[in-house]
Amino acid sequence: MGSSLGFIQDYSVYFFFAAVLIFFAVTIGDQGFLTVNNFFNIARTTAMISIVSFAMTFVIASGELDLSVGSVCALSALTCGLAIQGGYDWYVAASFGLLSGLAIGLANGLLVTKIGIPSFLVTLGMMQLIRGVDMRVTYTNPVAIPDPTFNSLFGAGKLFGIPSLIIWSVLLAVVGHVVLRYTTFGRRVLATGGNRLSADYSGINTSRIKLYTFMLSGLAAALAGLLYSGMMQTARYNFGEGMELAAIAAVILGGTSLFGGKASIIGTFAGALMIGTINNGLIIMGLDVSEQMMVAGGIIILAVAFARKPSH
Amino acid sequence: MGSSLGFIQDYSVYFFFAAVLIFFAVTIGDQGFLTVNNFFNIARTTAMISIVSFAMTFVIASGELDLSVGSVCALSALTCGLAIQGGYDWYVAASFGLLSGLAIGLANGLLVTKIGIPSFLVTLGMMQLIRGVDMRVTYTNPVAIPDPTFNSLFGAGKLFGIPSLIIWSVLLAVVGHVVLRYTTFGRRVLATGGNRLSADYSGINTSRIKLYTFMLSGLAAALAGLLYSGMMQTARYNFGEGMELAAIAAVILGGTSLFGGKASIIGTFAGALMIGTINNGLIIMGLDVSEQMMVAGGIIILAVAFARKPSH
Amino acid sequence: MSDEHPILEMRDIEKSFGAISVLKKVDFTLQRGEVHALMGGNGAGKSTLMKILTGVYSMDAGTIAVEGQPIRLHDANDAKRAGIAMIYQEFSLIPTLTVGQNILLNHEPRAGSLFLNDRAANRLARSILEDLGEDLNPNTLVSDLSAGMMQMVEIAKALSQKAKILVMDEPTASLSEHETETLFKIIRKLKAAGISIVYISHRMAEIFELCDRVTVMRDGQIRMTEPCANLTIPQLVETMLGASSASEFTWHDRHKEFHGEPLVKVRGLAMPPRVVDVSFDIHPGEIVGLAGLMGSGRTEIAEAIFGRRTPAAGEILIDGKPVSDQKHAIDSGIAMVPEDRRRMGLVLDHSVQSNMMAPNLDRFSNGIFVSDTNASGVIERLIGRFGIKTSSPAKAARLLSGGNQQKIVISKWLIRNPRLLILDEPTIGVDIGAKGEITAQIRELADAGTAILLISSELEELLAVSDRMLILHEGRIVQNIQRRDITSEEELHHAVQGHLIAQADPVHAA
Amino acid sequence: DNTANVKHPLWFKEPSAYLQEKANLDDLSDIVVGEGPFGEEGVLYSDITVSDEQLEKIRAGNFTVAIALGWLGDDWAQQQLAGMREEFERLGIKIIAETNANWRDAQQISDLATVSVLQPDLVVSFPLNAQTTASAYKELADAGTKIVFMDQVAEGLEPGKGYVSMVSSDNHALGMNIADMLSDAIGGSGKVAAMYYAPDFYVTNVRYEGFIARMRAKHPEVELVASIGHNGPDRGQEVAQGLFARYPDLDGLYGSWSIPAMGAVTAASVAGIAPTDLRIVNENFDHIVAANMAQNGYIAGISAQNPYLNGITEARLGALALIGEEVPPFVVIPPIKVTRDNLTESYKRIYRQDAPAEITNALSN
Ligand SMILES: Nc1ncnc2c1ncn2[C@@H]1O[C@H](COP(=O)(O)OP(=O)(O)OP(=O)(O)O)[C@@H](O)[C@H]1O
Ligand SMILES: Nc1ncnc2c1ncn2[C@@H]1O[C@H](COP(=O)(O)OP(=O)(O)OP(=O)(O)O)[C@@H](O)[C@H]1O
Ligand SMILES: [Mg+2]
Ligand SMILES: [Mg+2]
């Protein structure tokens, strides 16, 4: 592969994202697509999936998968919602929610690293188990969250005119990028996923690293749950259904290898935003659901057709 | 790891399946669990997932994934249903259905091998694209299949007192097992998934092999679609939703490595039947839905806790 | 700390994997500032002993003391703290990271306690590589490197740890003479600085050139520890293998002339930047050696003939027809033993038997069904013939020693009876006994009419086997010379650097 | 035609003459608009009662029942289940299994097969799809199990023979009420859009058809400018965002179920549209839309079902059939038009308890 082509391929998600934006700008720019508000919309609705996929990037980079993010999302939302209804202050309640996610992440991580169960199965089992718990604790009823501070901070609020959901996702993208690229932890994650045995030989505690990535993923899913409930002012047991595949798709679209060792948070962010933009644009174009699905599916394939031949 | 322990771990899915059966036999044996009819039920309802996961075993063994099986399932069912309604004989219609699956498998395979798109994304995109097509062609309306021969052969019929769905799945398990274990194709699939570069140097056309596994997967998904429509005497656009994760779970439960190179069809069959048995047993026990989910999730985790530490 | 204690003492070390005992009451002592050779046939237990020292394996029994202080080694970090570093035979590199990131992995220069300083890391990496005589960009991905380059990076990685005890497990296996010399200079410098070195190698000459003492292992036991000065090569070989078989490894003229139509014609082959303009012929039954520096493009030429690379210009003809792709090459009877056994030669998680069957499935089947019984006869014969040390053909390739893995890769190709066999560094890590066996095999094949293209960085090996030599320099074949016209290894060594060998009777370039 | 300029759902069929005729009536409040699957007249739920004598007989039967739901997780399923559980308890019928197919008809077939192993006397079930699940129900019926259907009937089964009865809200009327409330909310004229559940799903199809019929018949000044599908309640917000981006001057929206309607509420508030400029009407009564309505939010009307009554009625019909009583094949629970004015009393009717403080406080502001 020539190196100039290599450049385009490495950055393919950005080029393609740009192409998608330009296409919609030309075709439906005058139908409301090209407004600040609409871009805010796109960024807001993809905030949760973005945040979950940042952490998923770490999990995948370390050579594992986390399918439990969707039900953890709901668990955290419900924990927080019930705590607020139970009279706790919103920040205490939010901490409970985050802790619940951290705990599930810890459990996933321990099962994967100590007992050695493949993460696909651990987290698939956990996905069901936690969804069962989500249903049980609320008898599938929605839990209203009557706390305006919480709802503004995690949901519909704004800061300096920018929706708080966007602030959350941009902030975490930056943090995630810095951690992955510029810290020892990030480097160890990549080494672990690149070749676990070699990383072990180099004195990296790869089990510990994997454990941390699962905890990170649990935490991010929990935060996404809080954002969902803040945005909808309600927590529901079915939050985050199907989120796992969408998040993994964003990660891989962004150029992270499903086999570990190679990752980009900014790429993931672009991947998530691109999916969000496509969904938004197709709705504005007035396509019906079946047409949306056909086109969106086709675009995903096209988008990565530009990408490099995988080394595996 | 000692080799005696290794033995148990390699066959863990069978031990665990046995444990599950014994548990249900003791607790709910007298409530209808221990009847031939109930076992027929379990095998019948898991037939489609089993068949899809046999082919998925090949795909995973070759180092790839196929997420499009669910929508291909519906596509084949609809193609066949529309053809029967259009006046074609059932076997012609069924061939159309199978061909549609084969075609999608071919497309998946070409995109993965020729253009080099990661299979996760190709088949995720395809899953959406085809589901859109499924919705579109029938306006989401069900398509009745008024052909008794077809419905008996692919659905509710029996042969020598054994439901035809069970015959299909057992037959294909045997064929799959023989192909994987005893043919050059099976060996090449395993070599490809074990180390693609080394297989390439060994003169194995790994692209061709991958292409074939995707075609196999398309074909199996199409057959599963025919079986669904035979069983329901109707075809519908939403057949096979969520099937991809269930099939992958069965494959991995059965001891196949998600990283390729190591696989067992009989293990996959046991995995699929075990999931089916758990679902069946928990309903008979009278657990409510949330409890069913919790227990089933927990059992999956437990089941593989016995399994070996993965080398990756 | 006093100087009376040796820097390292390993006592009564025992280790078994499952039921198989690999180390039996091994004692090993390393003196301060010495270069200590650790020798033994493939599977003798050398790597296992040293991996215990770096915490990769835990021992079943025994004690380890560094400078008289007993230490416990649970993981690689304990070893690092004790000042022990190792160049691993099977590499400890992360393919998805860059050269610089790999060299300083897990001891990166920091900015603050959390942040990495990649710029400092690259500077450090570059300076270590420069010491090694390599002008390699630290930002290159390791997965893009050739085996030889990876070896240099592995060496740089161990050197970067500034250890007191440095273990080198076959560091020169994929290096050519030039790199080897640079490495030796560095080893001497380290030695002068008081660093103690364990040096594992199958190359006899190196041992005598470099080492102060030698310890020989056989079947998991120590057979001898002696100063090098007291030993001769035959003595050493006999202690290692139990019998002298080094005689096979000397050249003898096969007295064959190759005229007539060549099997392979390479014309004006160009693959920039390394290969500029290469032309040569290979005749049936001829053994042609290809010599060149590391990175001179030998592998690229080999892969072009095998149909895996498309040349930018020029053509490769087999039976007068251009090679279109790998399938065509294989169908025309070309086989290739690639240079990196772990990446290109083996499915590490598969059994010895299934690895050996992989390129021969057509032979061991009726087209559809595979016959394992047919295969196991042939395979067991080869296992015996090459002395492949494995408890059974069902053992995973991953669990075999490095040299034994390499023997699998070679023997699996021999089953095919090719018309042209390309061997790219075929004897990396193979012990001297097996090397002789492989040499004999190559000659036997050639006698039966197979053409051989041998690439090796070990000039001794090239000289021992070839009928004719091609010398590659700066992208061109600068010399095409009969083996019998080369009088010394020294001469060849210079030729590879671009100084032509004076020829009595020059062969006309084809 | 005020609905001519939109792309209707894929499954959309023009309203039948019968339906259009009902849509032309001025007052729908005391009639049953919908007809049964075989064209039967609907019987009001209040006509189904169990006498003391019948109760004795039912209790003596030691009957068992399995409930096979299509999904869980909203107030509708919850209230139905509550109604059934309470009434079955009172009737002395034991619930031996509950299943949730989670919207997947293949799962439902598997659930029904498993349920059949338990040989319940009665099955109450929501068939996710009339055609696909038909054979599974037929097998149950052939084995002698009585079946009460919720909302729709599996194909090929006949009342009295294959199944006992079908209990449903009056979904045609429900859709017509939406049109009326939407029109009222925007003052009788303006631009509105409809958001519908895109897949073919009997009850929502019927509501949409009722809505369209009524729009044409009674609200010519209200123009339907867009009709757009969502393929899952949680996507409501995203769809609504797109809709508002393209039609910033909408006056009203038919928001389908409560979850997508609330998604639209969020989308509207973020887009900076004032609640007074956009009125949303939806078809599920739950706490969240009720609270929004009470707070003078976007929700202007709710065309509500009373699913608890569906549950009670289903239990009664099943029980009566088990002791051999003759029962009507199609029983209907009329919808309730909920607006801010009747919110507390509607709440009490539907949930059988007083509205929570959150709602009453907001109402008094
Ligand atoms: N993890 C393992 N499990 C089982 N057997 C092992 C394992 N590692 C090494 N062995 C066996 O131990 C023996 C010694 O291997 P070792 O790698 O120490 O040999 P070596 O002396 O380094 O040989 P070489 O010169 O070929 O590198 C071999 O027979 C090998 O098969
Ligand atoms: N100095 C280098 N820097 C980066 N990549 C290199 C370098 N040398 C070799 N490679 C890579 O290794 C592959 C094989 O190279 P080449 O054919 O030049 O090897 P060679 O002459 O056999 O030498 P070696 O002994 O290093 O294998 C090439 O594709 C190239 O990408
Ligand atoms: Mg070794
Ligand atoms: Mg080379």
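Just name the residue that is surrounded by the most Cβ atoms within 10 Å (Cβ to Cβ) out of those in the range B:34-48 that are within 9 Å of chain D (Cβ to nearest Cβ) and of a type in the set (A, V, I, L, M).
B:MET48
For the range C:73-86, check the following and say yes or no: at least one residue is over 30 Å from C:ASN139 (Cβ atoms), modelled with pLDDT under 90 and of a type in the set (S, T, N, Q).
No.
In the range A:254-274, which residue that is among the aliphatic types (A, V, I, L, M) and modelled with pLDDT of 90 or more is nearest to the chain's Cα centre (by Cα)? Walk me through how you get there before you give the answer.
Residues of the range A:254-274 among the aliphatic types (A, V, I, L, M): A:258, A:263, A:265-266, A:270, A:272-274.
Filter again for modelled with pLDDT of 90 or more, leaving A:263, A:265-266, A:270, A:272-274.
Values: A:ALA263: 14, A:ILE265: 10, A:ILE266: 12, A:ALA270: 12, A:ALA272: 8, A:LEU273: 11, A:MET274: 13 Å.
Ranking the candidates gives A:ALA272 first.
Does B:LEU258 meet the test of being more than 9 Å from every other protein chain (Cβ to nearest Cβ) and of a type outside the set (Phe, Trp, Tyr)? Let's see the steps before the verdict.
On the way: more than 9 Å from every other protein chain (Cβ to nearest Cβ): no; of a type outside the set (Phe, Trp, Tyr): yes.
In short, no.
Tell me, which residue of the range C:365-395 that is touching a strand residue (DSSP E or B) at 6+ places or on another chain (Cβ under 7 Å) and without any contact (Cβ under 8 Å) to a residue 12 or more places away in the chain is nearest to C:ASN42 (Cα to Cα)? Walk me through it before giving the result.
Keep residues of the range C:365-395 that are touching a strand residue (DSSP E or B) at 6+ places or on another chain (Cβ under 7 Å), which gives C:368-371, C:391, C:393-395.
Those still in the list that are without any contact (Cβ under 8 Å) to a residue 12 or more places away in the chain too: C:368-369, C:371.
Numbers: C:ILE368: 36, C:PHE369: 35, C:SER371: 30 Å.
That would be C:SER371.
Just the residues that are within 16 Å of ligand 2 (Cβ to nearest atom) and either β-branched (Val, Ile, Thr) or under 23 Å from the mean Cα position of the chain (by Cα) (or both), please, taken from the range C:461-486. Give the derivation first.
From the range C:461-486, those within 16 Å of ligand 2 (Cβ to nearest atom) are C:461-462, C:469-478; that's our starting set.
If the condition is that a residue be within 16 Å of ligand 2 (Cβ to nearest atom) and either β-branched (Val, Ile, Thr) or under 23 Å from the mean Cα position of the chain (by Cα) (or both), then C:GLU461, C:LEU462, C:MET469, C:LEU470, C:ILE471, C:LEU472, C:HIS473, C:ILE477, C:VAL478 are the ones that fit.
Just checking: which of the helices (runs of 4 or more DSSP H) contained wholly in the range A:130-221 hold 3 or more residues that are modelled with pLDDT under 95 and over 30 Å from C:VAL99 (Cβ atoms)?
A:148-151, A:164-182
Return the residue satisfying two criteria in turn: it lies in the range C:28-52 and is away from ligand 3 (no atom under 13 Å from the Cβ) and out of contact with any Gly (no Cβ under 9 Å at 6 or more places or on another chain), and of such residues it is farthest from C:GLY194 (Cα to Cα).
Checking each candidate, the answer is C:PHE28.
Please work out which one of (1) surrounded by fewer than 22 Cβ atoms within 10 Å (Cβ to Cβ); (2) within 7 Å of another protein chain (Cβ to nearest Cβ); (3) under 29 Å from C:VAL352 (Cα atoms); (4) not polar (S, T, N, Q) is the condition B:ALA296 fails and give its number.
(3)
So which residues in the range C:422-432 are among the aliphatic types (A, V, I, L, M) and within 16 Å of ligand 4 (Cβ to nearest atom)?
From the range C:422-432, those among the aliphatic types (A, V, I, L, M) are C:422-423, C:428, C:430, C:432; that's our starting set.
Result: C:ILE422, C:LEU423, C:ILE428.
Given the structure, is C:ALA37 near ligand 1 (Cβ under 10 Å from one of its atoms) and more than 13 Å from every other protein chain (Cβ to nearest Cβ)?
Values: near ligand 1 (Cβ under 10 Å from one of its atoms): no; more than 13 Å from every other protein chain (Cβ to nearest Cβ): yes.
For C:ALA37, the condition - near ligand 1 (Cβ under 10 Å from one of its atoms) and more than 13 Å from every other protein chain (Cβ to nearest Cβ) - is not met.
Taking the options C:ALA291, C:ALA304, C:ALA329, name whichever one is more than 16 Å from ligand 4 (Cβ to nearest atom) and of a type outside the set (Ser, Thr, Tyr).
Values: C:ALA291 fails: more than 16 Å from ligand 4 (Cβ to nearest atom); C:ALA304 fails: more than 16 Å from ligand 4 (Cβ to nearest atom).
Exactly one of C:ALA291, C:ALA304, C:ALA329 is more than 16 Å from ligand 4 (Cβ to nearest atom) and of a type outside the set (Ser, Thr, Tyr), namely C:ALA329.
Given (1) more than 10 Å from chain B (Cβ to nearest Cβ); (2) away from ligand 2 (no atom under 12 Å from the Cβ), identify the lone condition not met by C:SER354.
Unmet condition: (1).
For A:VAL13, are the conditions met, namely being among the aliphatic types (A, V, I, L, M) and within 28 Å of A:ALA199 (Cα to Cα)? Spell out how you get there, then give the answer.
Details: among the aliphatic types (A, V, I, L, M): yes; within 28 Å of A:ALA199 (Cα to Cα): no.
No, not satisfied.
Taking the range C:50-72 as the search range and keeping residues that are part of a helix (DSSP H, G or I) and either away from ligand 1 (no atom under 13 Å from the Cβ) or under 20 Å from the mean Cα position of the chain (by Cα) (or both), which one is farthest from C:ALA397 (Cα to Cα)?
Of the range C:50-72, the ones part of a helix (DSSP H, G or I) are C:50-53.
Filter once more, so that each one left must be either away from ligand 1 (no atom under 13 Å from the Cβ) or under 20 Å from the mean Cα position of the chain (by Cα) (or both): C:50-51.
On the way: C:MET50: 20, C:LYS51: 18 Å.
Among them, the one singled out is C:MET50.
Taking the range A:249-276, which residues are over 21 Å from B:ILE60 (Cα atoms), buried (at least 24 other Cβ atoms within 10 Å of the Cβ) and either among the hydroxyl-bearing types (Ser, Thr, Tyr) or free of Cβ contacts under 8 Å to residues at least 60 places away in the same chain (or both)?
A:THR268 - this is the single residue of the range A:249-276 that is over 21 Å from B:ILE60 (Cα atoms), buried (at least 24 other Cβ atoms within 10 Å of the Cβ) and either among the hydroxyl-bearing types (Ser, Thr, Tyr) or free of Cβ contacts under 8 Å to residues at least 60 places away in the same chain (or both).
Checking the condition away from ligand 4 (no atom under 16 Å from the Cβ), surrounded by fewer than 16 Cβ atoms within 10 Å (Cβ to Cβ) and assigned by TED's automatic domain parsing to the domain that holds C:VAL198, which residue from C:THR29, C:THR54, C:THR63, C:THR48 passes?
Details: C:THR29 fails: surrounded by fewer than 16 Cβ atoms within 10 Å (Cβ to Cβ); C:THR54 fails: surrounded by fewer than 16 Cβ atoms within 10 Å (Cβ to Cβ); C:THR48 fails: surrounded by fewer than 16 Cβ atoms within 10 Å (Cβ to Cβ).
Answer to the selection: C:THR63.
So C:LEU421 passes all but one of these: (1) within 14 Å of chain B (Cβ to nearest Cβ); (2) more than 16 Å from ligand 2 (Cβ to nearest atom); (3) part of a loop (DSSP other than H, G, I, E, B). Which condition number does it fail?
So the condition that C:LEU421 fails would be (3).
Just a yes or no: is a residue in the range C:418-426 within 16 Å of ligand 3 (Cβ to nearest atom) and in contact (Cβ under 8 Å) with a residue 60 or more places away in the chain? Working first, answer last.
Step one: of the range C:418-426, the residues within 16 Å of ligand 3 (Cβ to nearest atom) are none.
No, because not a single residue in the range C:418-426 is within 16 Å of ligand 3 (Cβ to nearest atom) and in contact (Cβ under 8 Å) with a residue 60 or more places away in the chain.
So for the range B:27-49 (the condition being within 22 Å of B:ALA246 (Cα to Cα), at pLDDT 90 or above and charged (D, E, K, R)), does at least one residue qualify?
No, the conditions are met nowhere in the range B:27-49.
Please state which one of C:SER401, C:SER371, C:SER391 is within 14 Å of chain B (Cβ to nearest Cβ), of a type outside the set (A, V, I, L, M) and within 16 Å of ligand 1 (Cβ to nearest atom). Spell out how you get there, then give the answer.
On the way: C:SER401 fails: within 14 Å of chain B (Cβ to nearest Cβ); C:SER371 fails: within 16 Å of ligand 1 (Cβ to nearest atom).
Only one candidate passes the filter, namely C:SER391.
Do we have B:ALA19 as of a type outside the set (S, T, N, Q), surrounded by 20 or more Cβ atoms within 10 Å (Cβ to Cβ) and either at pLDDT below 90 or farther than 24 Å from B:ILE209 by Cα (or both) here? Explain how you work it out, then say what you get.
Numbers: of a type outside the set (S, T, N, Q): yes; surrounded by 20 or more Cβ atoms within 10 Å (Cβ to Cβ): no; either at pLDDT below 90 or farther than 24 Å from B:ILE209 by Cα (or both): yes.
It is false that B:ALA19 is of a type outside the set (S, T, N, Q), surrounded by 20 or more Cβ atoms within 10 Å (Cβ to Cβ) and either at pLDDT below 90 or farther than 24 Å from B:ILE209 by Cα (or both).
Please verify whether C:LEU293 is buried (at least 17 other Cβ atoms within 10 Å of the Cβ), in contact (Cβ under 8 Å) with a residue 24 or more places away in the chain and within 13 Å of ligand 2 (Cβ to nearest atom), treating the condition exactly as stated.
Details: buried (at least 17 other Cβ atoms within 10 Å of the Cβ): yes; in contact (Cβ under 8 Å) with a residue 24 or more places away in the chain: yes; within 13 Å of ligand 2 (Cβ to nearest atom): yes.
When the stated conditions are applied, C:LEU293 passes them.
Please specify each residue of the range A:76-90 satisfying the condition of being closer than 14 Å to A:PRO148 by Cβ and either within 24 Å of the chain's Cα centre (by Cα) or free of Cβ contacts under 8 Å to residues at least 40 places away in the same chain (or both). Give the derivation first.
Of the residues in the range A:76-90, the ones closer than 14 Å to A:PRO148 by Cβ are A:84, A:89-90.
Of everything in the range A:76-90, those that are closer than 14 Å to A:PRO148 by Cβ and either within 24 Å of the chain's Cα centre (by Cα) or free of Cβ contacts under 8 Å to residues at least 40 places away in the same chain (or both) turn out to be A:ASP89, A:TRP90.
Within the bounds of the range B:219-232, is there any residue that is closer than 30 Å to A:MET135 by Cα and within 10 Å of chain A (Cβ to nearest Cβ)? Before the answer, list the steps.
Taking the range B:219-232 as the starting set, the residues that turn out to be closer than 30 Å to A:MET135 by Cα are B:228, B:232.
Subsequent filtering for residues that are within 10 Å of chain A (Cβ to nearest Cβ) retains none.
No, that holds for no residue.
Please identify the pairs in which a residue from the range C:396-407 that is under 17 Å from C:GLY45 (Cβ atoms) has its Cβ atom under 7 Å from the Cβ atom of a residue that is in a helix (DSSP H, G or I) and within 6 Å of ligand 1 (Cβ to nearest atom), counting only partners at least 6 apart or on another chain.
That search, which allows pairs on different chains as well, returns C:SER401/C:SER47; C:GLY402/C:SER47.
Of the residues C:GLU315, C:GLU303, only one is farther than 25 Å from C:LEU145 by Cα, more than 16 Å from ligand 3 (Cβ to nearest atom), among the charged types (D, E, K, R) and more than 9 Å from every other protein chain (Cβ to nearest Cβ); which? First the steps, then the outcome.
Details: C:GLU303 fails: farther than 25 Å from C:LEU145 by Cα.
Result of the check over C:GLU315, C:GLU303: C:GLU315.
The values are calculated or read from the model by the stated rules, or taken from the named source; none is laboratory data. All figures in this text were calculated on a predicted structure; none of them were measured in a lab. Positions of Cβ are generated from backbone atoms using ideal geometry, with glycine treated the same way; all protein chains shown enter the neighbour counts.
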